[in-house]
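J.: One structure is given below, represented as structure tokens, and several questions about it will come after.
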Amino acid sequence: AYGKDLWVCGWDEMIAESRDGGRTWRIRHFRPNGELLFALGFAAPHHVYAFGAEDISLASKNGGRSWGDWGSPGFTVTQAFFAGPKRDLLVGPKRFAFGYPGSWSGQTARGLVTIASAALLSRRRAVLLMEMAGGRGGPAIQSWLWRTADGGDSWPAIRLTTLDPEYVAAADGRYLLVGAANGADPALITSADGGQWHPIAGVERTGHDCN
């Protein structure tokens, strides 16, 4: 969604917009036998971007009336976040880039299995929910939370030991992490900086500490 408008993307590079809550839709882009689009986002009013398979990226600077190639980020993007026209966080299954358009480096990490989720809080602050290969004697897959407060120059990490995370998001100046504690109990925790996490008021605490 952007403002009151809904936007979706999918097969054949289809991009559609609804201005009435989803009752009717207008096709803004379509290419028969085109690639599958995974992610779509706005960097500024009328500046919309879409990403998909085979490293495809599309851009429109007139609210979707016309589209052009934005230049490949060098990896398939499945999640895209924007904090203005010159700051974005692009995330794929095993690579990510945080910075200015055209300066993407496609970072990754040793032992990375997949990037499960990500959230962009501001131009310099973001978190990545990483699934990493476990070490000898430990779980085969370990959940780690990478965070940056300096625009991606550094990514301190914390391991999530008692929480089975599912999704991370950002809203109202804070991060929200959704998952399950003790293998079953639902857990909702929040953080202002991605380092110190606390249970949300009114949600039963069930052992959701980040170590």
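J.: Say whether the condition of being in a loop (DSSP other than H, G, I, E, B) and surrounded by 13 or more Cβ atoms within 10 Å (Cβ to Cβ) is met by at least one residue in segment 21-28.
T.: First, the residues of segment 21-28 that are in a loop (DSSP other than H, G, I, E, B): 21-25.
Checking which are surrounded by 13 or more Cβ atoms within 10 Å (Cβ to Cβ) leaves us with 25.
Scanning segment 21-28, I find at least one residue that is in a loop (DSSP other than H, G, I, E, B) and surrounded by 13 or more Cβ atoms within 10 Å (Cβ to Cβ), so the answer is yes.
J.: Within segment 169-198, take every residue that is of a type in the set (S, T, N, Q) and open to solvent by 30 Å² or more (accessible area, probe 1.4 Å) and give me the one that is farthest from ARG147 (Cα to Cα).
T.: Quick first cut of segment 169-198, residues of a type in the set (S, T, N, Q) only: 182, 190-191, 196.
Still in the list and also open to solvent by 30 Å² or more (accessible area, probe 1.4 Å): 182, 196.
Values: ASN182: 24, GLN196: 11 Å.
Applying the filter and picking the extreme gives ASN182.
J.: Please tell me if GLU13 is open to solvent by less than 20 Å² (accessible area, probe 1.4 Å) and in contact (Cβ under 8 Å) with a residue 12 or more places away in the chain.
T.: Details: open to solvent by less than 20 Å² (accessible area, probe 1.4 Å): yes; in contact (Cβ under 8 Å) with a residue 12 or more places away in the chain: yes.
Taking the combined requirement at face value, the residue satisfies it.
J.: Which condition does PHE75 not pass, out of (1) open to solvent by 10 Å² or more (accessible area, probe 1.4 Å); (2) more than 19 Å from the chain's Cα centre (by Cα), if it passes all the others?
T.: So the condition that PHE75 fails would be (2).
J.: Out of LEU6, LEU40, LEU58, I need the residue that is surrounded by fewer than 17 Cβ atoms within 10 Å (Cβ to Cβ) and part of a strand (DSSP E or B). Which one?
T.: Among LEU6, LEU40, LEU58, only LEU6 is surrounded by fewer than 17 Cβ atoms within 10 Å (Cβ to Cβ) and part of a strand (DSSP E or B).
J.: For segment 25-40, give me each residue that is among the basic types (Lys, Arg) and out of contact with any strand residue (DSSP E or B) (no Cβ under 9 Å at 6 or more places or on another chain). Break it down into steps so the answer makes sense when it comes.
T.: Step one: filter segment 25-40 for residues among the basic types (Lys, Arg), giving 26, 28, 31.
Within segment 25-40, ARG31 is the sole residue that qualifies.
J.: Identify the residue in segment 116-145 that is among the aliphatic types (A, V, I, L, M), part of a strand (DSSP E or B) and surrounded by fewer than 22 Cβ atoms within 10 Å (Cβ to Cβ) and, among all such residues, is modelled with the highest pLDDT. Break it down stepwise before answering.
T.: If we filter segment 116-145 for residues that are among the aliphatic types (A, V, I, L, M), which is where we start, we get 116, 118-121, 126-130, 132-133, 140-141, 145.
With part of a strand (DSSP E or B) added as a condition, the list becomes 116, 118-120, 126-130, 132-133, 141, 145.
Adding the requirement that they be surrounded by fewer than 22 Cβ atoms within 10 Å (Cβ to Cβ) leaves 116, 132-133, 141.
Details: ALA116: 92, MET132: 89, ALA133: 88, ILE141: 84.
Checking each candidate, the answer is ALA116.
J.: Checking the condition more than 27 Å from LEU121 (Cβ to Cβ) and of a type outside the set (A, V, I, L, M, F, W, C), which residue from GLY63, GLY52, GLY21 passes?
T.: Numbers: GLY63 fails: more than 27 Å from LEU121 (Cβ to Cβ); GLY52 fails: more than 27 Å from LEU121 (Cβ to Cβ).
Of GLY63, GLY52, GLY21, the one residue that is more than 27 Å from LEU121 (Cβ to Cβ) and of a type outside the set (A, V, I, L, M, F, W, C) is GLY21.
The values are calculated or read from the model by the stated rules, or taken from the named source; none is laboratory data. Keep in mind it's a predicted model, so treat the numbers as computed, not measured. Glycine gets a Cβ as well: all are built from the backbone with ideal geometry, and neighbour counts include every protein chain shown. Please note that ligands, DNA and RNA were not included when accessible areas were found on the heavy atoms of the full protein model with its side chains. Shrake-Rupley method; radii C 1.70, N 1.55, O 1.52, S 1.80 Å.
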